[in-house]
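Student: Right, I'll just put the structure down here and ask away after.
The values are calculated or read from the model by the stated rules, or taken from the named source; none is laboratory data. From a predicted model like this one, the values you see are computed outputs, not experimental measurements. Positions of Cβ are generated from backbone atoms using ideal geometry, with glycine treated the same way; all protein chains shown enter the neighbour counts.
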Amino acid sequence: MATLLPELRRSYSAISRGGIALCVILLAACAGQGGSDSGVPLRQQNKSEYRQLLDEALQLSFTLDFDRLRKAYVRSPEYNPYGGVKLEGLSEAYSSVENADFDGCLRNLDKVLAYNYMSLEAHMIGVVCSGQAGDFEREDQHRYMVEGLMTSIENSGDGKTQASAFQTISTSELRGFVRLKGLQVLDQSIVYDKQGIYDKMQVRDPESGQEYPLFFNVSEQFARSSDGE
């Protein structure tokens, strides 16, 4: 994992500075093709809100509201509070990239994403593996998801207190966020108040040496974790 993290952080830093090169990816005009009176295709009307928004994500829509996507995912029957952590393929993907088996890494990520396309960790690893494998179209797909998910989390709070905790919806999302920030986790505990359940992480910034707590609101995960994968 030590050799992977610097590349992941560099990839995310590049995303944060200028955004990914998606200016050439525009949604094809589909108006009038199989539409109903409401202007929405019948097959779209039969889809859950999450699946409709996920279709936009798969098309790399530059208008997609990632806050809405994450909330719709939590409400959907497909919601996974672990976010891929307990799914076959994620640990194998980490091992593959450490062994420089980037094609094998992508095959393992396919297993995770087939069950949960919202796994931040899977997309995080996918940025590195697809780039190294020379699959730049897929790299853009992973970068798009990383940028959108990270921005949504960052906009939810500052993590300094329980009242301003980052809102995360899965274990994988929380872990991916901390790793992409380049922070070392020193200690971890669960704390409660009347507003919810929080994951309190004592972290260290390796560059500055500063240590401080970060709070993540994990109420959604706890409420649904008993449902399993």
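Student: Is there a residue in the range 47-61 that is over 25 Å from residue 128 (Cα atoms), touching a Ser or Thr at 6+ places or on another chain (Cβ under 6 Å), in a helix (DSSP H, G or I) and at pLDDT 90 or above?
Tutor: Yes, because at least one residue in the range 47-61 is over 25 Å from residue 128 (Cα atoms), touching a Ser or Thr at 6+ places or on another chain (Cβ under 6 Å), in a helix (DSSP H, G or I) and at pLDDT 90 or above.
Student: Among residues belonging to the range 79-102 that are touching a residue at least 12 places away in the same chain (Cβ under 8 Å) and exposed (fewer than 14 other Cβ atoms within 10 Å of the Cβ), point out the one that is nearest to the chain's Cα centre (by Cα).
Tutor: Residues of the range 79-102 touching a residue at least 12 places away in the same chain (Cβ under 8 Å): 79-90, 92-94, 96-98, 100, 102.
Applying the additional criterion that residues be exposed (fewer than 14 other Cβ atoms within 10 Å of the Cβ) yields 88, 98, 100.
On the way: 88: 17, 98: 21, 100: 23 Å.
Ranking the qualifying residues of the range 79-102, first place goes to 88.
Student: Let me ask you something else. May I ask you to verify whether residue 164 is closer than 29 Å to residue 53 by Cβ and at pLDDT 95 or above?
Tutor: Working: closer than 29 Å to residue 53 by Cβ: yes; at pLDDT 95 or above: yes.
Considered against the rule, which asks whether it is closer than 29 Å to residue 53 by Cβ and at pLDDT 95 or above, residue 164 comes out as yes.
Student: Which one is nearest to the chain's Cα centre (by Cα) among residues in the range 152-179 that are aliphatic (A, V, I, L, M) and over 21 Å from residue 116 (Cα atoms)?
Tutor: Applying the first criterion (aliphatic (A, V, I, L, M)) to the range 152-179 yields 153, 163, 165, 169, 174, 178.
With over 21 Å from residue 116 (Cα atoms) added as a condition, the list becomes 163, 165.
Details: 163: 23, 165: 17 Å.
Ranking the candidates gives 165 first.
Student: Also, quick follow-up: Would you check which residues across the range 73-119 are aromatic (Phe, Trp, Tyr) and assigned to a loop (DSSP other than H, G, I, E, B) and list them?
Tutor: Here is the first cut: in the range 73-119, the residues aromatic (Phe, Trp, Tyr) are 73, 79, 82, 94, 102, 115, 117.
Residues satisfying the conditions are 79, 82, 117.
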